[in-house]
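Bear in mind these aren't lab numbers, they're just calculated from the coordinates by the rules spelled out. Just so we're clear, the structure is a prediction, and the values are computed from it rather than from any experiment. Cβ atoms come from the backbone with ideal geometry, glycine included; neighbour counts cover every protein chain shown.
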């Protein structure tokens, strides 16, 4: 079957997963308490008939089953429905927000992954030394502080008291900046939210890489490498790190998926106009179609990220291909 | 002059339960082109002895005393860099359990060539070519050289390990239980491969095993270890035919012979002594059927008798 068959198998599995998610996704929001129409019109003077009319307009009068069928039908045309709250197609609302989130998440995650892996590998290699305990205790601390509470502290100190960084948003409102000036402004706004995400993920990567490194260093092939008379640095990079990074790559797949969903708190704290902030607003407004759409995007991004990692894995770990090759 | 001389080597493991004297005053020497067999039960200190020869003893273990003189240089007092340059180039080892001793994400030719590149100034292509030749020498064809370890059988992995250890023409090769865990036919193949290489590459070998009959043919002389000490040492033939120490006798009786008459196999009663608090006197006395009073009180010293070196009061 080989690498190609392995890839096809993984892709089919991903498609099936997405289908299952669509179904679950639909049901979950219908089971949540709260009436969307009531949330739209909090005025008690609105009559029952008027509410009924609105329900019919959004198809909420149909039974659950009927709603699901029409949802699937529209979904197949790429129509995710109309946002109750913004009165615009859900797809437009979401696509407006995706770039901002990706910018924040991918930047933060890349930096965190890079630094976390280096420090984690170093700590594992220097196990039991001062370097190790310093890195380990610092990352445990970082890992235990939720990103949003670190965010609030950062806001208080650096934005409110010291006024080095802006309080919220992604750009300075009505600044009229373009080109390089605009990007500098975005970068300036991104510092604090990115930092609070980075700190949390660095902690995770350090702990993970360190643990994986310790496992690998106990393996017989490390001793074999020493018996060959290789330099310690060669053993570290070519034998230990190469093998220790395999589980780290797996977690990265999961992280990229969850990071898109997981920045809800950070985006809310910093009023970052991304998809996480959108979720917060949609929940507050009981905007079913929007929530459903956003969750679908989250789920698909998790599935896709895992698919990509699976495919990369098949490439970097020679043992995986054999797993898919069973005849 | 002997290629390797081990004098009064003591390697202790400092554990929470106490000090385990894994190797407790071992002496032996090997001449060039000679093969020494080191046999004994699990935990008798034979692997620790082998690891000490390459200075692979790690905490909580430590070489506390003794001298290991290899080719005129003392291994114990060498700097880390000196010992690194020695490893793989002048002294090589094939570890027990070759199944996990290869890096799973590297092709076997890469793993072999990397050792050559470390010790010799040649190009990568030349090193790969040498690796392929070496694989051919141990009976693995060119078409296999780009394989990953998981694509090979146990016997083939052991061949790769042997190829890797001999690729720089080491002066001394250590084989730690080279055939343990392989089936009998593969054992036979690996042993004849070792004999083959020994002749072709003029190797000096230390071979470790727990089964005397397996290595008797391969070795020139054999040392029997018990509880961290060598209890008997003699030429392979003499030791096999005429073992003097009760423990050597028991070891030989514990394994079946194909050619001779059918005898009932005798197991050695009891278990190997704990190394933390060994029994007083001769360490074998609780399991020895000839044990006398003196054995319980005084530790025997190793003496020469009829060409054997033997540590037993009764001989």
Descending packing, highest mean Cβ count within 10 Å first, for B:113-120, A:266-273 is A:266-273, B:113-120
Taking a quarter of the surface of the convex hull around the Cα atoms of the range B:199-312, what do you get in nm²?
8.6
In Å, the Kirkwood hydrodynamic radius from C-alpha pairs for the range A:229-312 sits at 15.1
Distance in Å, no decimals, from the C-alpha centre of the range A:70-93 to the one of the range B:1-76 is 76
Where does the range B:132-175 land on Rg(C-alpha)/(2.2 N^0.38 Å)?
1.13
Averaging sequence separations of C-alpha pairs under 8 Å and six or more residues apart, then dividing by the length of chain A, give the relative contact order as a whole percent.
29
Dimensionless Rg ratio for the range B:104-169, taking C-alpha atoms and the 2.2 N^0.38 Å reference:
0.99
Per principal axis, descending, Cα span of the range B:191-246 in whole Å:
36, 24, 16
Separation between Cα centres of the range B:180-195 and the range A:253-300, rounded to whole Å
62
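Quick check of the Kirkwood formula: for the range B:1-128, what is the inverse mean of 1/r over all pairs of different Cα atoms, in Å?
By the Kirkwood definition, the hydrodynamic radius is 16.5 Å.
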Of all DSSP beta bridges having both residues in the protein assembly as shown, the percent classed as antiparallel (nearest 5) is 65
Give the average, rounded to an integer, of partner chain Cβ atoms located within 10 angstrom of each Cβ in A:190-201.
0
Taking N as the number of residues in the range A:131-288, the ratio of its alpha carbon radius of gyration to 2.2 N^0.38 Å works out to 1.38
Debye equation applied to the C-alpha atoms of the range A:2-323, log10 I(q)/I(0) at 0.14, 0.15 Å⁻¹:
-1.18, -1.25
Spin-label pair residue A:126/residue B:217, simplified geometry with 7 Å Cα→Cβ offset, distance in nm:
5.4
Once the mean 1/r over all distinct Cα pairs of chain B is inverted, what Kirkwood radius in angstroms do you read off?
20.6
Would you mind pulling out the separation of the Cα centroids of the range A:126-186 and the range B:100-175, in Å?
50
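Determine the shielding of peptide A:215-223 by partner chains: average, over its residues, the number of Cβ atoms on other chains within 10 angstrom of each Cβ.
Average neighbour count from other chains, rounded to a whole number: 4.
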Per-residue [θ]222 nm for chain A (sum of -39500 (n - 2.57) over DSSP H runs n ≥ 4, rounded to 500):
-24000 deg cm²/dmol
Cβ neighbours within 10 Å from other chains - mean over A:229-236
4
Descending packing, highest mean Cβ count within 10 Å first, for B:105-112, A:309-316, B:140-147 is B:105-112, A:309-316, B:140-147
Protection proxy (average C-beta count within 10 Å per residue), highest first, orders A:284-294, B:196-206 as A:284-294, B:196-206
Distance histogram in 10 Å bins (all Cα pairs of the range A:184-253, percent per bin):
18, 35, 23, 16, 7, 1
Would you kindly compute the Cα radius of gyration of the protein assembly as shown and its largest Cα-Cα separation (Dmax), both in Å?
34.8, 117
Label-point gap, in nm, between residue B:79 and residue A:62 - each point 7 angstrom along Cα→Cβ
8.2
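State the three equivalent ellipsoid semi-axes of the range B:76-123, derived from the C-alpha gyration tensor as the square roots of 5 times its eigenvalues, in descending order and whole Å.
So the equivalent ellipsoid measures 22, 17, 8 Å along its semi-axes.
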